[in-house]
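The next block holds one structure in the form of structure tokens; read it before the comments.
Since every read-out is calculated from the coordinates, none of them should be taken as a lab result. For clarity, every value in this text was computed on a predicted model and none was experimentally measured. Cβ placement follows ideal geometry from the backbone for every residue including glycine, while neighbour counts extend to all protein chains displayed.
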Amino acid sequence: MRDREKRLKYLHAAFLILLFAGSVVMRIRMAPETLLSSDYELYIKGWPMEYRALGFAQGMSQVIGDYYVPFNIMYALIGLSPWEPWVLASLFSGIMDYALAAAVYLLMTILLREERNRREGAGITERSSVYGDTDWDEWKAAYLAILTLYLPVVFMNSVLWKQCDVFYMFFAVLALTQLYRGKDTSAFLLLGISFSFKLQAIFFFPFFFLILFLRRETGFLKYLNFLWIPAVYLITGLPAVFLGRGIRATYGTYFMQMLEGTEGSESYGMVANYPNFYNYGLDDFLETLALPAAIVTMAVILLSIALAAQVDDGYRLDLVTLTWLLAWQIWAMNMFLPSMHERYDYGAVLLFSLLLALRPRESFVPACVLTTGTLITYVRSARELTVSMDLLTAVYIAAFFWTTRTLVRMIRSSADDRIREA
């Protein structure tokens, strides 16, 4: 048995090395591609070239692009390098892909252990691994981490499109891991860093509130951890302020992003290449519907929090079900909020794909629909793809309602399991 175990470990290690090497080759091959998306010429190349012309200090004193200061610094470094902007843009995002994979490994070791304990508590027996359950969980986590590098939302966003959503997602996943470990201070500091990279980190805020709320043994002071988020945001903006950019121009970056599409600043309406509810004739009504859409979104998310809190009722929901809820909340915000881009559901695509390994029956539909939808919307925005957005929207809406129904059943089932254990 020991010899067989050793051989299998070598075999799995070889598979992981090959998968890792394949992901590197993929990224090297895709990095020079700059024609697939118009974003490269307009932004990914355009912003660094402005920093190259102005220099670091003068460039940082001005508003170049619509990202916050951490990305301003990154694009300034790209612009000051002697290479074409795609080189460092691909390199930075590519490195963060592997950092994200490492964060996924840490998260999945927690969730795999939690799921194994849940199934054992429910009396579900499984064939034991030759390694022992704990070691096999670590191998599975390693596989899932490496396979993350092959998700379209990951490699298309970073080295192919030269986008940078992986930066905020890395810190968000790491923050989630720390939250599950009960290390709230570091969790919210990491979430603050994530928010300082991208406004879309706000999609994680309601879930972090829910986790704190479910810890009923602690008092009100636990909610003060949220203050770490604006604190980190203020600190990360200081380099631009010290170099002469105004306080309003610096710290109002996200406010200006939220105004995107109004007053003729951009061409976005209620829809920005995402297959949500507003594709059916509501695209041109941004000024009228933006606030009602935000209120409806808030109501939907609050209802999901209330459901989890009510069903919990003293019995701790398992972390896998809660992570499923988080993935659903991110997707819900993309379905209901206005002006959502095709990449804003990054967190939902990533989490549902990972949850396939834990709850395959429940996760198959959202994981497949969102992953396929990512491919279609990314390519559709870059090329005249003949796939109808109306058809894709219909599939998304149907899958979203199916996923919502599944979520309610999962929450109730998870609570029932806890009651039986008690």
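Here are a few things to note about the model shown:
- Length gained on full extension, Val395 to Leu80, computed as 0.36 nm times the residue gap minus the Cα-Cα distance: 108.9 nm.
- Ordered by the count of other Cβ atoms within 10 Å of each Cβ, fewest first, Trp331, Trp402 give Trp402, Trp331.
- For segment 173-219, trypsin sites (Lys or Arg not before Pro) are listed when DSSP marks them as loop and at most 16 other Cβ atoms sit within 10 Å of their Cβ; the list is Arg181, Lys183, Arg215, Arg216.
- Counting only lysines at least 8 places from Lys9 when in the same chain, those with an alpha carbon closer than 16 Å to its own are Lys140.
- Exposure proxy for Cys368, Cys164: other Cβ atoms within 10 Å of each Cβ, ordered fewest to most, give Cys368, Cys164.
- For the chain, a crude dipole built from +1 on the beta carbon of Lys and Arg and -1 on the beta carbon of Asp and Glu, taken about the Cα centre, is about 1180 debye to the nearest 20.
- Most positive-pole-ward Cα, Ala294, Ser363, Ser304, against dipole of the chain from beta carbon charges: Ser363
- To the nearest ten degrees, helix 228-242 and the longest principal axis of the Cα atoms of the chain are 20 degrees apart.
- Residues whose placed amide H lies under 5 Å from that of Met340, excluding near-sequence neighbours: Ala272
- Between 0 and 90°, nearest 10: helix 286-312 axis offset from the chain longest Cα axis: 20 degrees
- The value of relative contact order for the chain, using C-alpha pairs under 8 Å at least six residues apart, is 17 percent.
- Farthest towards the positive end of the charge dipole of the chain, among the residues Tyr251, Met389, Val320, is the Cα of Val320, using unit charges on the Cβ of Lys, Arg, Asp and Glu.
- Taking 7 Å steps out from each Cα toward its Cβ at Asp39 and Leu303 produces label points 3.1 nm apart.
- Full extension of the chain segment joining Leu234 with Arg316 gains 26.0 nm, where the gain is 0.36 nm per residue of separation less the Cα-Cα distance.
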